[in-house]
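The values are calculated or read from the model by the stated rules, or taken from the named source; none is laboratory data. Predicted model only: the values in this text are computed from it and were never measured. Note: ideal-geometry Cβ built from the backbone for every residue, glycine included; neighbour counts use all protein chains shown.
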């Protein structure tokens, strides 16, 4: 069994001394039970690589914006739950009275 595990983009030299890039493992195995490795020459790999990197960057940007939206939604929901929880069965008028009473001596209320 082959103990070396390759990752996408790892390089090695082929028999002619050219750089080749690892792509993935095939689903099939060879006669010794090793998974078959799929490699590409440098020119083909480099032609494909920007598209692969663009898709990874696109995925990460979507993930970032989803996290930002979740944080904003959490903040909005927790503030609104706190606000609506403070409005109990006493009603909205009593809540506003409590707010006005709690604003301190420097607070001016128009009557």
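For every residue, the table says whether it meets (1) in a helix (DSSP H, G or I); (2) exposed (fewer than 10 other Cβ atoms within 10 Å of the Cβ); (3) touching a strand residue (DSSP E or B) at 6+ places or on another chain (Cβ under 6 Å).
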site: 15; (1), (2), (3): no, yes, no
site: 23; (1), (2), (3): no, no, yes
site: 27; (1), (2), (3): no, yes, no
site: 32; (1), (2), (3): no, yes, no
site: 38; (1), (2), (3): no, no, yes
site: 46; (1), (2), (3): yes, no, no
site: 59; (1), (2), (3): yes, no, no
site: 64; (1), (2), (3): yes, no, no
site: 76; (1), (2), (3): yes, no, no
Does residue 3 satisfy being out of contact with any strand residue (DSSP E or B) (no Cβ under 6 Å at 6 or more places or on another chain), surrounded by 12 or more Cβ atoms within 10 Å (Cβ to Cβ) and modelled with pLDDT under 90?
-> no
